[in-house]
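Notes follow the structure.
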Amino acid sequence: METNMKYEEALRQLEAIVEKMENDELDVDELGVELKRAQQLIKLCNAKLTKTDEEIKKILSAEDKDNAGE
């Protein structure tokens, strides 16, 4: 799976997999493949959200330190 995929694209792919599952569009063989793909997409989304959260915390922490020095 490409690691530089945008969060929004990964989410769209997850939604497509869920829709196929809800509409019974997957046979047993496809279901296994799609579930593995969904697992990878979830990991990717989780990693991107965690990274973004860490970046936001750093920015806010630096801003707090700058404001405390005024």
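The values are calculated or read from the model by the stated rules, or taken from the named source; none is laboratory data. Predicted, not measured: the structure shown is a model, and the values here were computed from it. When we count neighbours, we look across all protein chains shown, and the Cβ atoms used for this are built from the backbone with ideal geometry, even at glycine. Only protein heavy atoms, including side chains, enter the accessible area calculation; ligands, DNA and RNA are left aside. Shrake-Rupley method; radii C 1.70, N 1.55, O 1.52, S 1.80 Å.
Here is how the numbers come out for the structure above:
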{"read-out": "Qualifying residue in the range 36-44 (condition: assigned to a helix (DSSP H, G or I) and polar (S, T, N, Q))", "value": "yes"}
{"read-out": "Leading residue by the ranking (farthest from residue 4 (Cα to Cα)) among those in the range 45-54 that are of a type outside the set (S, T, N, Q), open to solvent by less than 90 Å² (accessible area, probe 1.4 Å) and without any contact (Cβ under 8 Å) to a residue 40 or more places away in the chain", "value": "53"}
{"read-out": "All positions within the range 17-39 that are closer than 21 Å to residue 3 by Cα and either modelled with pLDDT under 95 or surrounded by 14 or more Cβ atoms within 10 Å (Cβ to Cβ) (or both)", "value": "17, 34, 37, 38"}
